[in-house]
């Protein structure tokens, strides 16, 4: 029996190609055994990059393979629940791309199945492992900013025209739209930093005239002493601050996106000690006074490293570590998504 975790990846779109296959390929303890895709160009690229992996037309060939230990689900959101459920029932561990599912009920069912099957179930909330999020977490844990009085985060883009083909996220399907796609990141980050809020106020809407699914949101998570504002739009030529935190001792403001996605998208392998290092021009700015010491200037960003997610997953599967991204945490993200849609539709604040 192989000591490596034999892994099958369902789907080879952006997620499978950029966020999963390169890491299963390089992180010790995994074997990239199968990739499923029915798309000819994607099949050719997968075969070129991973000649030792078998490329199959459907996720069914992965689920039904008794040699597969771990299934990574990178299908469209509407199929997350189906594939994850089939994988768990077939005795596999499962990683599900974010958002976890379409709703809380599906998330609860998957968590129950994973417990009954005694299998690891986790969700790819990879932005806990970006340079900016790791830097903010370190700042918050240090107490340097004092008591937080305001928090704001943006995930802004600029695209005024529809995608030319195959953009299921822009179709009016369950789980489509920018809030499921990018909101799930921003919610997970806020819950990781601060825990569950006491209430949610949200405006989720369409700004582009042709849009069939939401392409803008402004969501407020209400905490006892401050509000966390989560914003994203597709008509933002100048993006808002990735992070803006104000505390009783000082403020931290950060612009720019973690460099890993663009580096991976260019075909680079996630290797080396300098992987995920941000250029100085997008380091965040800190202005604070802590225990009488005043500081104003750039803060070197932590190294972003998605490898940490897969190292932790490997160790959790092997019983050597606690799972970093627990399915119950991803379930709470789904809960906030549901409450935010309710708030937006009813135009009122919803208590948790």
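Rule-based calculations on the coordinates, nothing more; no lab input. Keep in mind that what you see is a predicted model, and the values were worked out from it rather than measured. Cβ atoms come from the backbone with ideal geometry, glycine included; neighbour counts cover every protein chain shown.
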message: Between the range 273-337 and the range 72-139, what is the separation of their alpha carbon centroids in Å?
response: 19
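Can you order the peptides 207-213, 252-258 by their average number of other Cβ atoms within 10 Å per residue, highest first?
Working: 207-213: 13.7, 252-258: 19.7.
Final packing ranking: 252-258, 207-213.
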message: Using all alpha carbons of the range 5-124, what is the percent of pairwise distances in each 10 Å bin, ordered from the shortest bin to the longest?
response: 15, 50, 30, 5
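What is the packing order of peptides 9-17, 319-327, taking the mean over residues of other C-beta atoms within 10 Å and listing the highest first?
On the way: 9-17: 22.3, 319-327: 14.4.
Order by mean packing, descending: 9-17, 319-327.
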task: Just the number, please: Stokes-Einstein D of the chain in µm²/s, Kirkwood Rh from C-alpha pairs, 25 °C, 0.890 mPa s.
output: 116
- line: Ranked from fewest to most other Cβ atoms within 10 Å of their own Cβ, 168, 83, 283 fall in the order 168, 283, 83
statement: The alpha-carbon pair-distance distribution computed for the range 183-331, with 10 angstrom bins and whole-percent values, is 9, 26, 36, 25, 4, 0
query: Helix 40-49: angle to the longest alpha-carbon principal axis of the chain, degrees 0 to 90, nearest 10?
result: 90
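For 58, 142, 232, which order do you get if you count the other beta carbons within 10 Å of each Cβ and list the fewest first? Walk me through the numbers before you get to the answer.
Details: 58 12, 142 9, 232 26.
Ascending number of Cβ neighbours within 10 Å: 142, 58, 232.
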Rg followed by Dmax, in Å, when the range 128-226 is reduced to its Cα trace: 15.9, 48
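At a Förster distance of 51 Å, what's the computed FRET efficiency of residue 261 paired with residue 348, Cβ-Cβ distance as r, to 0.05? Don't jump to the answer; show the numbers that get you there.
Values: r = 36 Å, r/R0 = 0.71.
It comes out at approximately 0.90.
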statement: Residues 338, 280 in order from fewest to most other beta-carbon atoms within 10 Å are 280, 338
message: Taking the 0 to 90 degree range and rounding to the nearest ten, how far is the long axis of helix 104-117 tilted relative to the main principal axis of the chain, both from C-alpha atoms?
response: 50
field: Point-to-point label distance, residue 105-residue 326, nm (Cα→Cβ direction, 7 Å offset)
entry: 2.6
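Please work out how much length the chain gains when fully extended from residue 248 to residue 338, using 0.36 nm per residue of separation minus the C-alpha to C-alpha distance, in nm with one decimal.
Values: separation 90, 0.36 × 90 = 32.40 nm, distance 3.24 nm.
So the chain would gain 29.2 nm between residue 248 and residue 338.
So for the chain: antiparallel DSSP bridges make up what percent, rounded to the nearest 5? Provide the component values of the computation, followed by the final result.
Values: 37 of 63 bridges.
Around 60 percent of the beta bridges assigned by DSSP in the chain are antiparallel ones.
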